[in-house]
Amino acid sequence: MTTAIATSELVKTFGSTRALDRLDLTVSTGEVHGFLGPNGAGKSTTIRVLLGLLRADSGRVEMLGTDPWHDAVALHRRMAYVPGDVELWPNLTGGEAIDLLGRLRGGLNPARRAELIARFDLDPTKKGRTYSKGNRQKVAIVAALASEAELLLLDEPTAGLDPLMEVVFQDVINQVKAEGRTVLLSSHILAQVEELADRVSIIRQGEIVQSGTLAEMRHLTRTTIEADTGRPVSGLDQLPGIHDLETGDRRVRFAVDGDHLDDAIRTLSRFQIRTLTSHPPTLEELMLRHYGDELAAAGNGRNGDTHPETAGTGEGARR
Amino acid sequence: MTVTAVRQQAPAAAGHVHGSTLAGTGTLIRFGLRRDRFKLPAWLLGITVLLSLFLSAVSENTKTEEQRQDLSRFMEGALGALFGPGYGRDDVTAERYVVGVYGLFFFVLAALMSLQLVARHTRAEEQSGRAELVRAGVVGRHAQLAAALTIAAGANVALALTLSGVMAANGYAGADGLLFGAGIAAVGMVFAGITALTVQVTEYARTATGIAGAALGAAWAVRAVGDMMREHGSPLSWFSPLAWSNQTRPYADGRWWPLLLSLGLAAAAAATGFALSTRRDVGAGLAAARPGAPVAAPWLRSPLAAAFRLQRASLIWWTAALAAFGFIFGGLADQVADPENISEDRIEMFGGSLDTLVDGYLGMITLLTAALAGIMVFLGVQAVRAEETTGRAEPMLATAISRGAWFGSYLAVVSIGLVVLLTLVGLTTGVGAALSVGDGSYVWQMTTSHLAHAPGVLVLLGIAALLFGVLPKLIGTTWVAIGYGLFVGLFGTIMDMSQSARNLSPLEHTGQPPLDSVSWSTVLVLLVVAVVLMGAGLAGFRHRDLETK
């Protein structure tokens, strides 16, 4: 499998703010790669460096085998971009903006353009200044997806889209994936990434804190178990890898590390299980493991589940 | 107990249907004043200072009989009619001259202040969506417009008082000063009223101010043509709100009643605005936005085409406005450069010799056009900067066009636009001058004279381009170069500035054709400087980060 995007030790500073702090990101050809992080973590800065709009202070970037800062034009012919906050020309219609951007990239597929406009229910005859945020976003999405680009950089592309359009977007991205194109999808909408992404990288304060397939990440994290039992449960607190244990009369709820799941279920089965629900960690929980410290500091901590090694102070880097 | 309180209030509010449409007006007035706490005083102060400057300049130029004879040319005939009906021109005094000729500037400024103020507090608020937030509160349907008009009225009254104060402080009779100030405020109120109407029609604040501005232009044209038809104005003049303020004749034969017409029109326009506002939704206009093309024109497929498409409207308007300006002022050459009764100062201003007065005058007009074209090219670069800071450049530069091609396209479009503009303005100025003086050779002469300024203006473009590429945040300092060029051109001779100080202005090196002849070597040097500056700007832009939101 070849690599579409590879960065190593990427550093970008704005004045005294360190927006990217030795960022390593790898995206393989043909995958949909989720790029997750809270606002200000450095997602947009990373994408702009990948586009060659910003120059990294140090580190290495390779996009489709080229350096985006030096070979921007050749690279851009092979890729398309949807910014997170789309601005359109006030006196150009949406249709004109789509065509202009598409043609400047080297042409777009008219059939696909028509299909996308219909699917996203976009009125291409309206002037740029009259579009709502969601509709501006649609214009950029259509312009990017109507191209034959082999690599798509999407920076929170569905911000402002309604849930119905969100579904359309997922359909379209799955179609893109089926065609073997590569997608880097930045988002803080976890459900979307969970739905679409093959692999995920989590960025926090300018560095990638975790990267892998969702399955790999779940392995690293905890499964939540809830059970009703015939007899009161005891002894679970003696086991390693059990967290947040809550025991009621004949009811128990706990989180367990992947390595110790087997032991926990074995123990539980001795108390006559009546009902059992387990759910794998959602991306929300994955995120909380990495950002729990910030939330806790802000007074929103769920379990006081903090990780001292990732504890940090200060605002995230500039987006 | 809360429940009963609510129940008691509800019918009470419903009972005052009329008053409730204005609920919250007082708060909105205070809010508006708070938002405009710098802008409004700046307008008032600026206009007041301008009057002081005019008064001191004119009183210097009305000391001798010769000077007064010279000035009367600006109050007579076609030239005089551009400014006003020319009351008191048989016995020119400083105050009569300021009121009769410079009065027009104050009418225009008061109108611009008022129309922008009303649009800013009404349509611009709706366009941004802020009005929705405000209207969701306990705010009546008419409160926002009523508050905007109240602030406009207050601003215009304050303007009338400060301007009459300036007149009185300079020793010109108080009552006529108040009449002059009131005439200016009346123009302001008329255009506040007209804007209250136009903001109902369109969804965009810029279009609304544009329509009101066009009405101002039309009012000027009607008055100017009317005043050309007959001495001190014809019946046609009276169709213009500007004429009503002129016809109060301050310092000549003062009378107040024409201002009743102004107040009547202002009130009628505002009332129509209120009435129309009830027939539309918040955020909508009476005229629905027209749909545009669903696909881009086939030619819109290169960075050059894109830059042209985005600059097109601006280039057309600048060219049309300056061409009209050139034709009018070219056409006045005969009268302005009339050697009869001309003062020494003016001979000095127009090149220092009685034999070349027309050329000297036309040279100044050409320089003025060049400086205005400098503003156009600078605004062109500022538009590029706006593309960058608003985030529109980002998706463009993420396509397969290089930084150099993107920015270079704008520079090319603006440069070519400049050459076309100077050619056309030169032609219209030349035709105007040829008709006025009766010498057809001016058509060719003025066209080449305007084109001779192109390299100097391109240097201004180069300065702006360099700043954009290297120090984009300081791009505004280009104004200094433009302003300095204009200042040196207009006042350099009169103020005896040293040649080395004058040489700092890029426009100075061209001289003032057709009075001065232009050397090819100068043209070449200026072109090289312009190209080097633009090249450095392009290189700088290629090597810096794109500024993003």
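The values are calculated or read from the model by the stated rules, or taken from the named source; none is laboratory data. This one's a predicted model, so the numbers in the text were calculated from it and none came from an experiment. With ideal geometry, Cβ positions are generated from the backbone for all residues, glycine too; neighbour counts draw on all protein chains shown.
Here A:Val86 fits the description: within 10 Å of another protein chain (Cβ to nearest Cβ) and in contact with a Lys or Arg (Cβ under 6 Å, 6 or more places away or on another chain). Of all residues in region B:512-549, those satisfying the criterion of being among the hydroxyl-bearing types (Ser, Thr, Tyr), part of a loop (DSSP other than H, G, I, E, B) and more than 14 Å from every other protein chain (Cβ to nearest Cβ) are B:Ser517, B:Ser519.
So for region B:407-415 (the condition being more than 22 Å from B:Pro506 (Cα to Cα), in contact (Cβ under 8 Å) with a residue 12 or more places away in the chain, within 14 Å of chain A (Cβ to nearest Cβ) and crowded, with 17+ Cβ neighbours inside 10 Å), does at least one residue qualify? So that I can check it myself, show each step before the final result.
Taking region B:407-415 first, the residues more than 22 Å from B:Pro506 (Cα to Cα) are B:407, B:409.
Those still in the list that are in contact (Cβ under 8 Å) with a residue 12 or more places away in the chain too: B:407, B:409.
Among the residues that remain, those that are also within 14 Å of chain A (Cβ to nearest Cβ) are: B:407, B:409.
When the remaining residues are screened for being crowded, with 17+ Cβ neighbours inside 10 Å, the result is B:407, B:409.
Checking region B:407-415: at least one residue is more than 22 Å from B:Pro506 (Cα to Cα), in contact (Cβ under 8 Å) with a residue 12 or more places away in the chain, within 14 Å of chain A (Cβ to nearest Cβ) and crowded, with 17+ Cβ neighbours inside 10 Å.
Number of residues in region A:19-51 that are more than 14 Å from chain B (Cβ to nearest Cβ) and not basic (Lys, Arg) equals 18. Against the test of being within 21 Å of A:Arg78 (Cα to Cα) and within 7 Å of chain B (Cβ to nearest Cβ), the options A:Leu116, A:Leu101 yield a single qualifying residue, A:Leu101. Just to be sure before I move on: is A:Ala144 under 29 Å from B:Ala124 (Cα atoms), surrounded by 23 or more Cβ atoms within 10 Å (Cβ to Cβ), in contact with a strand residue (DSSP E or B) (Cβ under 8 Å, 6 or more places away or on another chain) and within 9 Å of chain B (Cβ to nearest Cβ) in the structure I sent? So A:Ala144 does not fit the description; no.
Evaluation of B:Leu427 against the conditions (1) surrounded by fewer than 23 Cβ atoms within 10 Å (Cβ to Cβ); (2) within 14 Å of another protein chain (Cβ to nearest Cβ) shows that the sole unmet condition is (2).
Among the residues of region A:121-128, is there at least one that is free of Cβ contacts under 8 Å to residues at least 24 places away in the same chain, at the interface with another protein chain (Cβ under 9 Å from one of its Cβ atoms), closer than 29 Å to B:Ala307 by Cβ and crowded, with 19+ Cβ neighbours inside 10 Å?
First, the residues of region A:121-128 that are free of Cβ contacts under 8 Å to residues at least 24 places away in the same chain: none.
Within region A:121-128, not a single residue is free of Cβ contacts under 8 Å to residues at least 24 places away in the same chain, at the interface with another protein chain (Cβ under 9 Å from one of its Cβ atoms), closer than 29 Å to B:Ala307 by Cβ and crowded, with 19+ Cβ neighbours inside 10 Å.
So for region A:58-78 (the condition being within 30 Å of B:Tyr204 (Cβ to Cβ) and buried (at least 24 other Cβ atoms within 10 Å of the Cβ)), does at least one residue qualify? Checked against the condition, which is being within 30 Å of B:Tyr204 (Cβ to Cβ) and buried (at least 24 other Cβ atoms within 10 Å of the Cβ), region A:58-78 yields no hits at all.
Of all residues being over 28 Å from B:Ala434 (Cβ atoms) and among the polar types (S, T, N, Q) in region B:299-352, which is nearest to the other protein chains (Cβ to nearest Cβ)? Just the residue, please.
Initial filter on region B:299-352 (over 28 Å from B:Ala434 (Cβ atoms)): B:299-314, B:344.
Filter once more, keeping what is among the polar types (S, T, N, Q): B:302, B:311, B:314.
Values: B:Ser302: 8, B:Gln311: 11, B:Ser314: 11 Å.
Step by step, filter region B:299-352, then rank; the result is B:Ser302.
Name the single residue, out of those in region A:246-264 being surrounded by 15 or more Cβ atoms within 10 Å (Cβ to Cβ) and not in a helix (DSSP H, G or I), that is modelled with the lowest pLDDT.
Within region A:246-264, the subset surrounded by 15 or more Cβ atoms within 10 Å (Cβ to Cβ) is A:247, A:250-252, A:254-258, A:260-261, A:263-264.
Retained after the next criterion (residues that are not in a helix (DSSP H, G or I)): A:247, A:250-252, A:254-257.
On the way: A:Thr247: 87, A:Arg250: 87, A:Arg251: 91, A:Val252: 91, A:Phe254: 90, A:Ala255: 87, A:Val256: 88, A:Asp257: 83.
By that ranking, first place goes to A:Asp257.
Just checking, which of B:Pro294, B:Pro258, B:Pro241 is of a type outside the set (Gly, Ala, Ser) and closer than 30 Å to B:Thr399 by Cβ? First the steps, then the outcome.
Working: B:Pro258 fails: closer than 30 Å to B:Thr399 by Cβ; B:Pro241 fails: closer than 30 Å to B:Thr399 by Cβ.
Selected residue: B:Pro294, the only one of B:Pro294, B:Pro258, B:Pro241 that is of a type outside the set (Gly, Ala, Ser) and closer than 30 Å to B:Thr399 by Cβ.
Any idea how many residues of region B:268-283 are in a loop (DSSP other than H, G, I, E, B) and surrounded by 14 or more Cβ atoms within 10 Å (Cβ to Cβ)?
First pass over region B:268-283, keeping only residues in a loop (DSSP other than H, G, I, E, B): B:278-283.
Applying the additional criterion that residues be surrounded by 14 or more Cβ atoms within 10 Å (Cβ to Cβ) yields B:280, B:282-283.
Qualifying residue count, region B:268-283: 3.
Take B:Phe407 and tell me if it is over 25 Å from B:Asn503 (Cα atoms), part of a helix (DSSP H, G or I), among the aromatic types (Phe, Trp, Tyr) and touching a Phe, Trp or Tyr at 6+ places or on another chain (Cβ under 8 Å). Yes: the conditions hold for B:Phe407. Residues in region A:199-241 that are assigned to a loop (DSSP other than H, G, I, E, B), in contact (Cβ under 8 Å) with a residue 24 or more places away in the chain and in contact with a His (Cβ under 7 Å, 6 or more places away or on another chain): A:Leu239 only.
If you check A:Leu54 against the conditions, is it more than 13 Å from every other protein chain (Cβ to nearest Cβ), crowded, with 19+ Cβ neighbours inside 10 Å and of a type in the set (A, V, I, L, M)? Taking the combined requirement at face value, the residue does not satisfy it.
Criterion applied to B:Ala289, B:Ala305 was being more than 26 Å from the chain's Cα centre (by Cα), among the small types (Gly, Ala, Ser) and closer than 30 Å to A:Arg77 by Cβ, and the one residue passing it is B:Ala305. Here B:Leu265, B:Leu260, B:Leu242, B:Leu236 are screened, and the one residue that is at negative phi and surrounded by 21 or more Cβ atoms within 10 Å (Cβ to Cβ) is B:Leu242.
Is it the case that A:Leu25 is modelled with pLDDT under 95 and touching a Leu at 6+ places or on another chain (Cβ under 8 Å)?
Working: modelled with pLDDT under 95: no; touching a Leu at 6+ places or on another chain (Cβ under 8 Å): yes.
No; evaluated as a whole, the condition is false for this residue.
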